[in-house]
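Scroll down for the structure; my scribbles are underneath it.
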Amino acid sequence: GEKMSAPTMEERKACWGARDEFWQCLDRNAEDGAKCAELRRDFEGRCPQQWVKYFDRRRDFLKYKKKLETEGYSPPEAAGKS
């Protein structure tokens, strides 16, 4: 395990740019990762591994949040209090 030095501003911008392109591709292709494989490789190549993991989790969270907002969901405990 070699320790990664903190990315420079340029590297961070490259990483974020690759992430945004990859995410936009997923948005356009209904989350079909196969159609975005090249952008995924780019994203993984430009970002530190732990950032990739973080962004993947973040995207899942944002998708989940959006789903709640569009489909509406009230937690069970809220249903009891009227």
Please report the base-10 log of the normalised intensity I(q)/I(0) for the range 9-59, using a Debye sum with one equal scatterer per alpha carbon and no solvent, at each q in 0.26, 0.27 (1/Å). -0.98, -1.05
Considering only the other residues whose Cβ falls under 12 Å of the Cβ of LYS13, what net charge follows from Lys and Arg at +1 and Asp and Glu at -1? 0
For LYS35, what charge total do you get from the other residues with a beta carbon under 12 Å from its beta carbon, if Lys and Arg give +1 and Asp and Glu give -1? -2
In nm, what is the difference between 0.36 nm times the number of residues separating GLU10 and GLU44 and their Cα-Cα distance? 10.7 nm
1/(1 + (r/R0)^6) with r = Cβ-Cβ of ASP32 and ARG58, R0 = 22 Å, i.e. FRET efficiency to nearest 0.05, evaluates to 0.70
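The numbers here are math on the coordinates, done by the rules we state, and not lab data. Every value quoted in this text rests on a predicted model; they were computed, and no experiment measured them. Ideal geometry is used to build each Cβ from the backbone, glycine not excepted, and the neighbour counts take in all protein chains shown.
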